[in-house]
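The values are calculated or read from the model by the stated rules, or taken from the named source; none is laboratory data. On a predicted model such as this, the values are computed, not experimentally measured, just so you know. As a convention, Cβ positions derive from the backbone with ideal geometry for all residues, glycine included, and neighbour counts pool all protein chains shown. The area values use the complete protein model at the heavy-atom level, side chains included, leaving out ligands, DNA and RNA. Shrake-Rupley method; radii C 1.70, N 1.55, O 1.52, S 1.80 Å.
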Amino acid sequence: MLTLLIGVIVLVGAGYLGFVFYQRRTIKMATDVYENKRDLNKIPLDDEFALAKKMNLTGESHKKYDQLYNKYQHYKNQMLPNIDEGIAAVKEDGKGINFLKTKSDWQSANQAIADADATLKEIQAGLAQLYDLNKQHKLALEELEKKYKRLREDILNKNESFGPSIDSLEKMLSDIEGTFDEFTQLTKSGDPNSAEEVLSDLNNSTDKLESYMGRIPKLYQLLSKEFVEQVDEITSGYKKLKGKQYNFPNDKFDETLKGISDQIKVNTNKLKTLEVDSVEKATQDIADRIDKLYDAIDKEFQARPKVEKNTKIIGQYIEHVRKQNSDLQLRLETLNKSYILNHQEIENNHQFDQQIATIEKKYQDEVNAMQNGTAVYSTIDADQTHMIKELGQIESEQKDLFSATVKLPEQEQAARNALAKFDLAMRNTKRRIDNHNLPGLSNDYQDAFAAVIREINHLDDAMNQPQIDVDDISKQLTIIQSDMDTLDEKTNQLIDDAALAEQTMQYANRFIGSNSEIAAASKTAQMYFDQKYDYEQSLNIISKALEKQSSGMFAKIKDDYFNAKKHLKTEKTDEDES
């Protein structure tokens, strides 16, 4: 029972403490809301509205001021009392134990304060915009007044530079003056919003007028002076050149000059109506057309002295190339009697003749045109450049053809010298073989020897023809030289094999009585040597048998042989040099 009593006392004490804590927390919440409300009163909107009212606003600006003022009255008369009621509700709820209602009233009071703060800031921003717009317009008024005065002074002081545009420019200035007065009145009367719309139109008009005044003098200068002077200069220069027998390709000078003069008149009239963009584009086109006429005149003027200088040079060049081709023709006709010409030398020579004739005809036509005053020198200049290139190409090919044909007698003589050397070499080869007193020669060697002899005889026949085919002879020389090199190798091999076979068999004779195998090998080797003339096989048989009897002996015989041969060759070379 005592325990229960103690529990009840504890529970009641805890509830009391919780209630006390809740009341204190509620009081703090109400205090915080009140402090937030106090921050709203720090913004001195009454003073700001008083200042705005002194601006004597009218029109749209006054309407905006009224909207902001009504919103401010709503704030003071409804929003602030609602906030006070909310704070009172939070305090009153704090005396009870309805926690949820207290929290809801607290949140509502805070939201009302937040809404009021946003309203104040919106009002303050709107008033600031009215002040700023009014300030901007005052500054704009000062700048526009300066610009307007400057433009008026420029029109008065430089009216001649604007040519036919002056009336339209003065009208633009007058219209701007009217708009400027309207803007000034709106600004001074305190209607910056309406003035803002007028200011945009005024700035655009003033910028356009300023742009026209900056661009028109240059355009008028071009149309009234520079282009006219250039047209007159081109017309005069053209007539003078025509009088001196200058001509122009696709000559449309008169038509073009008239077209340019018409363009100048049309665009001068356009300046009256301030079609400045169109006139700028047209002046660029006129300038381009004038430049082309100047270029055409300059091109002909520059071309004539070049043509007059090159005409004599090309005439001499044609004569030189023609004479050279004639000499080449005579040479080819002479060579054709003794040589077969395989590379279209005569056809190429005739082709050169045709090319030269074509160039000469064009050259003569242009000389006639210069003499009768119908020449277009720039065209002739281009033609002459091409002629010089063509003549240079012909001359180069003539030299190549001459170089090729001039070598034919040299090639013939070289072939005859080679033929004589081949004949001597074959005689020496036969003499070398005869000097070794061999019992005979194999069929293979005799066939190779006879083949080379036939080739030499065939070459000799070709060299003794009425017309020599140098190309064919050169091919034969190459073949014969190759076959003679092969025959020389075979001859050396044959002589070496025969000499070594004899020496080896002589050395092996000392073993015949004591070694039946060497005796049999020696007999067989002697048979290949004396009857079949196969000196290589004879050497192979006896050398193998000797190596079995005495290892290394054949290698010594072979080394001694080649050393002696080398020594003999050196002595002979020394004698020949002596």
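Checking the structure you have, find out if any residue of segment 251-268 is of a type outside the set (Lys, Arg), within 40 Å of the chain's Cα centre (by Cα) and outside any helix (DSSP H, G or I). Yes, segment 251-268 contains at least one residue that is of a type outside the set (Lys, Arg), within 40 Å of the chain's Cα centre (by Cα) and outside any helix (DSSP H, G or I). Only one entry of Ala296, Ala357, Ala287 meets the criterion of being within 45 Å of the chain's Cα centre (by Cα), more than 30 Å from Pro164 (Cα to Cα) and in contact (Cβ under 8 Å) with a residue 40 or more places away in the chain, and that entry is Ala296. The selection criterion, being modelled with pLDDT under 90 and in a helix (DSSP H, G or I), does not hold for Thr385. Screening segment 439-457 for residues that are in contact with an Asp or Glu (Cβ under 9 Å, 6 or more places away or on another chain) and not in a helix (DSSP H, G or I) and picking the one that is farthest from Asp530 (Cα to Cα) gives Ser442. Checking each residue in segment 526-541 for being more than 17 Å from Ile495 (Cβ to Cβ) and surrounded by 15 or more Cβ atoms within 10 Å (Cβ to Cβ) picks out Gln526, Ile541. Across segment 363-381, the qualifying residues are those that are free of Cβ contacts under 8 Å to residues at least 12 places away in the same chain and open to solvent by 60 Å² or more (accessible area, probe 1.4 Å), and the one among them that is nearest to Ile313 (Cα to Cα) is Gln364. For Ala555, the requirement of being modelled with pLDDT of 90 or more and within 17 Å of Asn509 (Cα to Cα) is not met.
Total residues in segment 448-491 satisfying the condition of being surrounded by 15 or more Cβ atoms within 10 Å (Cβ to Cβ), farther than 17 Å from Pro409 by Cα and among the small types (Gly, Ala, Ser): the figure is 1. In the set (1) surrounded by fewer than 17 Cβ atoms within 10 Å (Cβ to Cβ); (2) farther than 30 Å from His343 by Cα; (3) touching a residue at least 40 places away in the same chain (Cβ under 8 Å), Leu494 fails one condition alone, (1).
The residues of segment 403-424 that are surrounded by fewer than 16 Cβ atoms within 10 Å (Cβ to Cβ), under 30 Å from Glu536 (Cα atoms) and touching a helix residue (DSSP H, G or I) at 6+ places or on another chain (Cβ under 8 Å) amount to a single one, Asp423. Being modelled with pLDDT under 80 and open to solvent by 30 Å² or more (accessible area, probe 1.4 Å) is a property that does not hold for Asn204.
Note on segment 497-521: residues that are closer than 15 Å to Tyr535 by Cβ and either of a type in the set (Val, Ile, Thr) or surrounded by fewer than 16 Cβ atoms within 10 Å (Cβ to Cβ) (or both) amount to 2.
Among the candidates Gln371, Gln354, single out the residue that is modelled with pLDDT of 95 or more and part of a helix (DSSP H, G or I). Can you show your working first?
On the way: Gln371 fails: modelled with pLDDT of 95 or more.
Just one listed residue meets the conditions, Gln354.
Just to be sure before I move on: is Lys475 out of contact with any Cys (no Cβ under 6 Å at 6 or more places or on another chain), under 30 Å from Ser338 (Cα atoms) and among the basic types (Lys, Arg) in the structure I sent?
Here the answer is yes, as Lys475 does meet what is asked.
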